[in-house]
Amino acid sequence: MSTSIEFQKLERIERQVGDLRGLLVSVERGLRRSRKTGDPAEQFFKAAVAAARKERFEYRAITNPARTDTPGWAQELLASPVGGLLLSLTQSAFTTVARHAVVVGFDPFGQVRMIYDDVVASASWVGEAQPVPVTAATLASLIVKAAKVRSVIVYSEELRESSDFEAVARRLLSDAIATTLDATFFSPVAASATTPGGALVGVTPIVPSDATPPSEAARQDVRSLVRALGSPGDVVLCGSAATVAYLSSVLGNFAYELAASASIADDILVAIDASGIVMALAGVPSFKAAKEAALVLQDEAGIGPAVATAPTMSLWQQNSEALSVGLGVSWGIRPGSVAYVEGITW
């Protein structure tokens, strides 16, 4: 009898030791993950370097849950190398909006349809055995068409083999892509066959406040913008670096996020309800490397007189190479999700 009791005690102790060992392993793994700083654009730029060097690269799954569980870190963006690149563009207000937007994936040659409520149904208080009023809700849809941003960088063969190549490629591509995305998103230019429409298309600017002192005018302009959005879900205020810096000093502990962009003029402040923005991303970027091509050295897109008269460069003759990068990025904007003030003087 006593032998049986002792045996049961030993089994219980073994189970407890096993539980403690499992807990220790879990804690160690958690600590290791928490020490990782994480680079959301790591896969993108390593793939770019591999393409330039004609090396094989395999995309891996995201393995940093300590960062993706952080509120506002945009788990959906981290799910793809393209989204990871967008998160790394700290100089881009477009990226800030994307972190708060609805993010979906799409076929680079297709489109995405998103349904939203145009007129919301209502509910009523009713008594026992009383009829429930029926209200009509209207649904509308956003069609987000596929679009692609492309950039070409040129480098020497020696630089491609150097240890600095990834850092150089990161800087050149990040600057080019961030500038293009911000300039397009914060523009009043309608969509074309190749480019998504700007957020300011069809939006009537709000007259700025003339209150004094300037800090009070800034507060009133912010109130006017938020009021114009109706019942926003997630507001991001975007302006130039100078405008955002002034707002930060005036508003203090502000409820909404501020984002600076070089593509927004100093006299404009834009308010965006990010819950009404749909960001569509292709999962994997495209890379093409060449070392025997001829480049046309001009900035205008398309084929026309500028291309015919522009100077050219032979990569082979100058012992150089080029890397072409393509990102599938597009967006759709629900009506009423954007407001802006134009003509501010504070």
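Only the coordinates and a few stated rules stand behind these numbers; no lab work does. Keep in mind that what you see is a predicted model, and the values were worked out from it rather than measured. When we count neighbours, we look across all protein chains shown, and the Cβ atoms used for this are built from the backbone with ideal geometry, even at glycine.
Results, tabulated for the structure shown:
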{"read-out": "Karplus-derived HN-Hα couplings along the stretch 178-189 (A = 6.51, B = -1.76, C = 1.60, θ = phi - 60°), whole Hz, x at Gly and Pro", "value": "4, 4, 5, 4, 5, 4, 6, 5, 9, 10, x, 8"}
{"read-out": "Within the stretch 98-235: Cβ-based charge dipole about Cα centre, in debye rounded to nearest 20 (Lys, Arg +1; Asp, Glu -1)", "value": "260 debye"}
{"read-out": "Across Lys54/Lys291; Lys46/Lys288; Lys145/Lys291, pairs whose alpha-carbon gap is larger than 22 Å", "value": "Lys145/Lys291"}
{"read-out": "Derived scalar couplings ³J(HN,Hα) [the stretch 325-334; Karplus, 6.51 cos²θ - 1.76 cosθ + 1.60; whole Hz; x for Gly, Pro]", "value": "10, x, 10, x, 9, 7, 7, x, 10, 5"}
{"read-out": "Under-5 Å amide H pairs with Ala293, H placed in peptide plane, nonlocal only", "value": "Leu315, Trp316"}
{"read-out": "Residue order, fewest to most beta carbons within 10 Å, for Trp125, Trp331", "value": "Trp125, Trp331"}
{"read-out": "The stretch 218-302: relative contact order in percent, alpha carbon pairs under 8 Å with at least 6 residues between", "value": "33 percent"}
{"read-out": "³J(HN,Hα) computed for each position of the stretch 229-245 - Karplus, 6.51 cos²θ - 1.76 cosθ + 1.60, integer Hz, glycine/proline x", "value": "7, x, 10, x, x, 7, 8, 10, 9, 10, x, 5, 4, 5, 5, 5, 5"}
{"read-out": "Cα-centred dipole magnitude for the stretch 221-346, charges only on beta-carbon of K, R (+1) and D, E (-1), debye, nearest 20", "value": "260 debye"}
{"read-out": "Selection from Leu139, Ala178, Thr204, by position along the positive dipole direction of the stretch 139-210 (Cβ)", "value": "Leu139"}
{"read-out": "The stretch 151-255 - percent relative contact order, Cα under 8 Å, separation 6 or more", "value": "13 percent"}
{"read-out": "P(r) tail fraction, the stretch 165-253 - alpha-carbon pairs more than 21 Å apart, %", "value": "50 percent"}
